[in-house]
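Just so it is clear, none of the values below were taken in a lab; they were calculated from the coordinates. Everything quoted here is computed from the prediction, not taken from an experiment. Cβ: placed from backbone, ideal geometry, glycine included. Neighbour counts: every protein chain shown.
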Amino acid sequence: MSRPGSAARQILKQRLVRSLRVLALLLTLAGCVACATMAEQGLLPEVQARQAPAVSLGPEFSVQDNMPLGYNAEAKAVVTRDGHGHVFVIDKERAVHHIEIAGTDVLRRETIGVVTGAPSGFSRPDAVEHPPGSLRLVAGDKMFVRSETGVWAEIKGNRCERFVPVGEDLLCTFIAKGEDLGAPTRTDWLVGWFILIPVALPREVQAEKLVIAQDSPDGWTILAVLDPEATLSARSDYVLGADRSGLQFLYRSSGGSSWFLIGGGPYGGGFVGGDSSDQHISYARVDYATLFQRTPDSDAGTKDHPAGWLRVAGSPLPAPPFADRWPAKAFAKEFWRDPLDRRFTVNGALGNIESLFHLTFTIRDGGRTLGGLEQPWVAVRLSGDRWVPGVDIVAADDLPDPGYRWGRDWRALIRSDVHGHNHVLLESSRKGSFDICYFVKGAAGWSAPIVLGGNLPPFALRDLALGDKGNAFAVWKDRNDTVKGRWISPQK
C-alpha cells in the first residue's frame, strides 16, 4: 500500500510534465513566429518598395593581385580632380603601396616606403589631394607628398593622422602627448588577483589630447586642443568632417585602468581581465571664424604658454532615443568596439552627422517592433550633439530578395558626398558566400542594394572614395588576396 504523499507527488509530477509540454509548444510556436523575418511578417513595406539606385556600374577589375594583407589591414581610396582613382594600402610587411587608376586601366603601381616604429592604435592610412595636382599621404608614423611631377618624398617628423582641407588651407588632426601640452594628470590602476595575492598598482598618466594643426612652412602648427582640462585621454578612433562654417568631431575618451585574475578559484590556472576605466563618446564643433582668428603670439603656443591654442570643450554624446533604456555611459561601452570613423560621417552639405548602426536589441519604431532575433542595419542622424528622432532601415534579412542575410559587419562603411547624399558599403551573405553591396540615400530616401562583387572573405577590407562630380570608386578584397575595384557613376 502506497503512502499518502506518493499519490500527491505523482499528481504534481504529471501536472509539471503537462505544464512543461505546454510551455514547449508555446516556445515552438513563438520560435516559428520569431524565425519569420521582418520582411516575411510584412513589417517593412517601405523597404520592400525601394528601387535600385539610379547609377551606372563600371566593370569590376583587379586593382592589385596577390597582395599579402593582414586580417586587420585597411585601405584608403581617393578620387582626384582629374578623375583618377588612387588606392593606398599597408601590407603585412608594413610596406606602403600606391595604385593609380584611370577608368579600368592601372597607370602605376608603386611602393612608397615602409612604416616603422611601434604599431599605433590608428593604422588606417589617410590621403588628400592638396594643392590640386599634389597628393599627401599619412600611413602609420610616416607622411609622404607627391608633387605634380609624380615623385614621392617623405616628410620627416610626422604626427598627423587625418587630413581636412578648408579652402586653400590644409588642416590635420592627431593625438598629442599630454606632456607636450601640459595636460592634467590622472592615476590609472592595475588591480587584480595573482593566485592568492591581491595586486593594486597605480600609475600617473598625463592625458593625451586630440588637436587640430595647420600646415605651414615651418611644419604643423597646433591651432586648437579638444577638452584640454579633462583627465581622460582622447583615442585615435574619431570622426572628423567639415561643413560650410566649421569642423565637427565625434571622439572617444577613456582612462587606462584595468583588472585581471590569474589562477586559483573558479578560474583554475587561466587568465581573465578587462578595462575598468571610464569611457565616453563626445561631440565638439569648431567654427572657422574662431579657429582662424589667431592672436599675434598664437604660433608660440606651448605647454608653458598655451595662450595661442583655442581651447575647445566637447559635450558627452547621449544615448540615441531608440536606445533610451541605455544610459549614455552604458551606450558608449556597448559600442566601444565599433569603429567610429566607419559608422559615422559628417554630411558637409546638410551640416549633420549621419550614422549607421547594427541593431543588436529590440526597439519600438512607431507601431512596430524592430530587431530581436533579426538584427537589421539602421541609419540615424545627429544634429549637433542631439539625435534626430526616427530611424531608417538600411538593410534587413530577405531584402531585396529571399535569402539575403545582413549580419554583423565591423567593416561596414558610411560616407557623405558634397551634394549631401549618403553612401553605404555593407557585406551580405547568401548560402555561405559573401557579397559587397552598395546603397545610396538621395532626396527620395534610401535605395535598394546593388551587388558590386563577390567571393569575399567575411569582414572584407573595403573603402569608398567620392568624387566632386557625383562619381564614386569602391575597392575591396576577395578570397584570392586580390584588391578589386569598381566605378559607380550617376545615370545620365
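Structure summary
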{"read-out": "Given charges at beta-carbon only (K, R positive; D, E negative), |dipole| of segment 119-199 in Debye", "value": "220 debye"}
{"read-out": "Packing-based exposure ordering (other Cβ within 10 Å, fewest first) of 166, 55", "value": "166, 55"}
{"read-out": "Magnitude of the charge dipole, segment 125-251, Cβ model with Lys/Arg +1 and Asp/Glu -1, debye to 20", "value": "280 debye"}
{"read-out": "Sparsely packed trypsin sites (Lys or Arg not before Pro) within segment 201-284, loop by DSSP, other Cβ within 10 Å at most 16", "value": "244"}
{"read-out": "Label-point separation, residue 153 to residue 311 (7 Å along Cα→Cβ), nm", "value": "3.9 nm"}
{"read-out": "Under 5 Å, built H, 5+ apart or other chain: amide partners of residue 413", "value": "425"}
{"read-out": "Quarter of the Cα convex hull surface for segment 161-316, i.e. its orientation-mean projected area (nm²)", "value": "10.9 nm²"}
{"read-out": "Residue-by-residue Karplus 3J(HN,Hα) for segment 246-255, coefficients 6.51, -1.76, 1.60, Hz, glycine and proline x", "value": "x, 9, 10, 10, 10, 8, 9, 9, 7, x"}
{"read-out": "Whole-Hz couplings from phi, Karplus 6.51/-1.76/1.60, listed for segment 60-75; x for Gly and Pro", "value": "6, 8, 8, 7, 8, 8, 6, 8, x, 10, x, 4, 9, 5, 10, 10"}
{"read-out": "Most to least packed among 464-474, 423-433 [average Cβ atoms within 10 Å]", "value": "464-474, 423-433"}
